[in-house]
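A quick write-up on the structure given underneath.
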Amino acid sequence: MATTTSIRVLCVDDDPSLLRLWSMGLGAAGMRVHSECESESALRAIDTQAFDVVLCDYRMPGLDGIDVLAHARDKQPDAVCVMISAQSDFDMAMQAVNRVGVFRLLAKPVRIHDLREAIHLAAQSSRLYAENRRLTAALAERNAILEQMNAELEARVAAQAMRAVCTLLHTLGLWSEDHQRDATLTTQLALRLSERMGLDAEHRAAIELGAPLHDIGMLAVPRSLLVYPGSLDPDSEEEVRKHVSMGSLLVRGLGLAQDAQRVVEDHHEHWDGSGYPRGLSGEDIYIGARVVAVCDSYVALRSVGPRRNPVSHSMALLDVKQWSGSRFDPSVVTALCGLSHAEAEAALITLQG
Ligand SMILES: [Fe+2]
């Protein structure tokens, strides 16, 4: 609790003799008193010095006491306001309470003993406010750390669950060796590009979770269509396109985080709005999905597939580049083209392996 010697008081009254009296009486109890006899100079004192208690007369030339205390409340929320007045004015009292939440209303003339006691109680209250604020801030900080730890734990559990789902699908023969390989490579490449592009940890986590499952909806597409060697007719094409909505249903069911879901839901949207299923364009397409779309295409070009032979790194880049600004986000294409030779070779070795 506050000792009187550490209490800092601002006394404001337009009567200098009263100020002298209060200063002597409070100073004798060890309080540190600063006096001002004009409202404007009181505001300047509030702006430049810290106080535990602001004591102010109501009736002042210029700004009245309520304005001075309102300023103190704005600038020094932990300072406690005490109003003193010769008037028995109900409206003034109501304003003092409602506008500035005064701690005490004192009537003039006030005995120095009563003034000291009121200031002392006000200072104790000020210290309690400050302590309460400090504890609340510390608690909020601790809660934020706990929330962060919780989010990281949830993300780790979700990532493990996703890996388990992929392994299960593969083990049950529902997901071919090629599919598993392409999904893994797309994820690795997307994570590498997201680092190059400076995406934050949240987006990278969404890619790590969503990219392995971006084509999980293919499970609902007849296998005959997936391995069909020629061009698909429009009806079959439509069937294949349904893998996005099916994938969305599946990952929502798995409880994947929302950004990771959007990797699955937006990976066939096009930068120019010509994609599906929603026809989103530009930055309305989730950034994780824009990265995965480019990587998916690159990996498909480099891999053996039912309707294609693998092409070289430079040929794959040429192919991807021609879609920059139409299918693909140009910034992602630029990041892919900026991959170092070593990184490209690493992708090549993994693909050949
Ligand atoms: Fe897809």
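The set of residues in segment 212-221 that are surrounded by fewer than 24 Cβ atoms within 10 Å (Cβ to Cβ), within 11 Å of the ligand (Cβ to nearest atom) and assigned to a helix (DSSP H, G or I) comprises L213, G217, M218. Checked against (1) in contact (Cβ under 8 Å) with a residue 24 or more places away in the chain; (2) in contact with a helix residue (DSSP H, G or I) (Cβ under 7 Å, 6 or more places away or on another chain); (3) within 15 Å of the ligand (Cβ to nearest atom), L209 passes all but condition (3). Scanning segment 62-91 for residues that are touching a Lys or Arg at 6+ places or on another chain (Cβ under 9 Å) and of a type in the set (S, T, N, Q), we see that the one that is surrounded by the most Cβ atoms within 10 Å (Cβ to Cβ) is S85. Of all residues in segment 6-28, those that are farther than 17 Å from A107 by Cβ have Cβ atoms under 8 Å from Cβ atoms of residues that are of a type in the set (F, W, Y) and outside any strand (DSSP E or B), 6 or more apart or on another chain, in R8/F51; V9/F51; L10/F51. So is R163 part of a helix (DSSP H, G or I), surrounded by 15 or more Cβ atoms within 10 Å (Cβ to Cβ), more than 16 Å from the ligand (Cβ to nearest atom) and of a type outside the set (A, V, I, L, M) or not? In short, no. When each of S274, S281, S248, S231 is tested for being within 15 Å of the ligand (Cβ to nearest atom), assigned by TED's automatic domain parsing to the domain that holds M197 and among the polar types (S, T, N, Q), the lone residue that passes is S248. Out of curiosity, is R59 among the basic types (K, R), surrounded by fewer than 19 Cβ atoms within 10 Å (Cβ to Cβ), free of Cβ contacts under 8 Å to residues at least 60 places away in the same chain and in contact with a strand residue (DSSP E or B) (Cβ under 7 Å, 6 or more places away or on another chain)? Judged against the criteria, R59 is a match. Residues being touching a residue at least 24 places away in the same chain (Cβ under 8 Å) and within 30 Å of the chain's Cα centre (by Cα): count how many of those fall in segment 185-206. Looking only at that region, the number is 15. Among the conditions (1) closer than 19 Å to H179 by Cα; (2) away from the ligand (no atom under 13 Å from the Cβ); (3) under 34 Å from the mean Cα position of the chain (by Cα); (4) surrounded by fewer than 22 Cβ atoms within 10 Å (Cβ to Cβ), the only one that A257 does not satisfy is (1). For segment 98-130, a tally of residues being surrounded by 14 or more Cβ atoms within 10 Å (Cβ to Cβ) and without any contact (Cβ under 8 Å) to a residue 12 or more places away in the chain returns 1. Being basic (K, R), at negative phi and within 16 Å of the ligand (Cβ to nearest atom) holds for only one residue in R181, R196, R192, and it is R181.
Scanning segment 155-173 for residues that are more than 20 Å from Q261 (Cβ to Cβ) and touching a helix residue (DSSP H, G or I) at 6+ places or on another chain (Cβ under 6 Å) yields one hit, H170.
Let's see how each residue does on (1) outside any loop (DSSP other than H, G, I, E, B); (2) surrounded by 12 or more Cβ atoms within 10 Å (Cβ to Cβ); (3) touching a Gly at 6+ places or on another chain (Cβ under 8 Å); (4) at pLDDT 85 or above:
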site: N132; (1), (2), (3), (4): yes, no, no, yes
site: A158; (1), (2), (3), (4): yes, yes, yes, no
site: L193; (1), (2), (3), (4): yes, yes, no, yes
site: G210; (1), (2), (3), (4): yes, yes, yes, yes
site: D235; (1), (2), (3), (4): yes, no, no, yes
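Only one entry in D64, D74, D52, D47 is of a type in the set (D, E), touching a residue at least 60 places away in the same chain (Cβ under 8 Å) and more than 14 Å from W22 (Cβ to Cβ), namely D52. Restricting attention to segment 308-323, does a residue exist that is under 24 Å from E177 (Cβ atoms) and within 16 Å of the ligand (Cβ to nearest atom)? Yes; the residues of segment 308-323 include at least one that is under 24 Å from E177 (Cβ atoms) and within 16 Å of the ligand (Cβ to nearest atom). Just checking, does segment 304-316 include any residue being under 28 Å from the mean Cα position of the chain (by Cα) and not in a helix (DSSP H, G or I)? Within segment 304-316 (the criterion being under 28 Å from the mean Cα position of the chain (by Cα) and not in a helix (DSSP H, G or I)), the answer is no, since none of the residues qualifies. Condition check: within 13 Å of the ligand (Cβ to nearest atom), in the same structural domain as H179 (by TED's automatic domain parsing) and either of a type outside the set (V, I, T) or modelled with pLDDT of 90 or more (or both). Does H203 satisfy that? So H203 fails the test.
The values are calculated or read from the model by the stated rules, or taken from the named source; none is laboratory data. Values in this document were obtained by computation on a predicted structure and should not be read as measured data. With ideal geometry, Cβ positions are generated from the backbone for all residues, glycine too; neighbour counts draw on all protein chains shown.
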